[in-house]
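Below is one structure, written out as structure tokens; comments come after it.
The values are calculated or read from the model by the stated rules, or taken from the named source; none is laboratory data. Given the structure is predicted, the values throughout are model-derived calculations rather than measurements. Don't worry about glycine lacking a Cβ; one is built from the backbone with ideal geometry, like all the others, and counts go over all protein chains shown. Heads up: the accessible areas ignore ligands, DNA and RNA and are worked out on the full protein's heavy atoms, side chains in. Shrake-Rupley method; radii C 1.70, N 1.55, O 1.52, S 1.80 Å.
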Amino acid sequence: MKAYEKNIRKVEPYVPGEQPQRKVVKLNTNENPYPPAPGVKEALLSMDVDKMRLYPDPTAGNLVHTLAEYYGVEDSQVFVGVGSDDVLAMCFLTFFNSEKPILFPDITYSFYKVWAELYRIPYECPVLDEDFRIVKEDYYKENGGIIFPNPNAPTSIYEELDFVEDILKHNQDVIVIVDEAYIDFAGKSALELIDKYENLIVVQTFSKARSMAGMRIGYAISNPTLIKYLNDAKYSFNSYTMNQTSLVCGVEAVKDKAYFEEQVQKLIDTREWTKAELTALGFTFPDSKSNFIFAKHPNFVAKDLFEALKKADIYVRFFGGARTRDYLRISIGTREEMETLVSFLKEYIQNH
Ligand SMILES: *Cc1c(COP(=O)(O)O)cnc(C)c1O
């Protein structure tokens, strides 16, 4: 080992889902199958290329203001970043600086563990119950902060607001982050609680329900004090995180509420159709309130199914952990894509 090796920060990185560069039935990274709002394309086509000479607005003022209006909060309560991954990473850096461990579920978004390791934040992972539900009593103990997604991923399970509030009530001395990447497919957002709990941060993204994973936009909403701390950390790291194009397109996406709601409803309808079809084929899964289904079949090895699907150019996600190796995480695509998946599975089941 070279002497300098011991001074290198070694990390085991997060492994994102595959992005094949040819056309496949892509149900592996929870992207939205529909295009963004029509206004996004118009805004993009009328962008002034000459402006690229200039740095973007470091405050992302227009986007922050548009989001603040949409959610009925002050501009000072909104922080934006390069996807919610960027926002969450900044939250870990800013808010999780205790010697006590932060808490997040054992089965959840696997990036949490990566950031904790990267920043050397101690952490503990309370175990989900038999049905993959978060056990709220596990979060009553002393800790250095809490983060969990609602709905959780990859389990797809949504917990009602009284459940979220119970965790908040028991943890008023630490920062609690609720990662709501899938909230638009589910139910009430914890945003309702931000005035009541000053230690609450709600994080959302444009990547799933807003069809803009490629633009990389995420945001946090909280009280002005915590948002200021986040901005201070951001300006100490990289002032110009958001590029001009994302800022412009993001504003247009938020403005078109009607398109957004229509498209989310279409996806929910397809999800419910897919649930019925998978059930008829013998699959079981937690009741999804997200844009994906976490399914297993009693007679088939998930990894084999995953590979057979992939051979047929149908991409789903397989995690392979101790408690997840019997499951496939299947994103909801268009109705046609889900029909392709279902007919493949029908045939596979008949022939094996
Ligand atoms: C997809 C996802 C994110 C990250 O999304 P971005 O594309 O970075 O906005 C964060 N948390 C969860 C639980 C997710 O599923």
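Below, the figures for the structure above:
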| quantity | calculated |
| --- | --- |
| Estimated Rh, the stretch 265-352: Kirkwood, alpha-carbon pairs, angstrom | 13.0 |
| Residues listed by number, the stretch 55-83, amide nitrogen under 20 Å from Glu165 label point at 7 Å toward C-beta | 72-73 |
| Percentage relative contact order, the chain, counting C-alpha pairs under 8 Å, at least six apart | 24 |
| Dipole magnitude (debye, nearest 20) for the stretch 216-352, charges at Cβ of Lys, Arg, Asp, Glu | 540 |
| Per residue solvent-accessible surface (Å²) - the stretch 275-352, probe of 1.4 Å | 47 |
| Label point 7 Å beyond Cα of Glu336 along Cβ direction - residues of the stretch 235-273 with amide nitrogen under 20 Å | 263-273 |
| Burial order of peptide ranges 56-69, 96-109, 116-129, 74-87 (average beta-carbon count within 10 Å, highest first) | 74-87, 96-109, 56-69, 116-129 |
| The chain - percent of accessible surface contributed by carbon and sulfur, probe 1.4 Å | 51 |
| Pairwise FRET efficiency - Lys228 versus Arg22, Cβ, R0 = 35 Å, nearest 0.05 | 0.15 |
| Estimated distance in nm for a label pair at Glu42 and Ala258, the labels positioned 7 Å out from Cα along Cα-to-Cβ | 1.2 |
| Within the stretch 179-241: Cβ-based charge dipole about Cα centre, in debye rounded to nearest 20 (Lys, Arg +1; Asp, Glu -1) | 220 |
| Kirkwood Rh and Cα Rg combined as Rg/Rh, the stretch 54-133 | 1.09 |
| ³J(HN,Hα), Karplus 6.51/-1.76/1.60, whole Hz, each residue of the stretch 119-132, x for Gly, Pro | 8, 6, 9, x, 8, 10, 10, x, 7, 5, 6, 3, 8, 6 |
| Antiparallel DSSP beta bridges within the chain, as percent of all bridges there, nearest 5 | 50 |
| Check: the chain dipole with +1 on Lys, Arg Cβ and -1 on Asp, Glu Cβ, in debye | 1260 |
| Cleavage-rule hits, GluC sites (Glu not before Pro), the stretch 157-210, DSSP coil, Cβ neighbours within 10 Å at most 16 | Glu160, Glu198 |
| Extended-chain gain in nm, criterion 0.36 nm per residue less alpha-carbon gap, Ala3 and Lys346 | 117.7 nm |
| Quotient of C-alpha Rg and 2.2 N^0.38 Å, computed over the stretch 38-255 | 1.02 |
| Cα centroid separation, the stretch 323-352 to the stretch 94-164 (Å) | 29 |
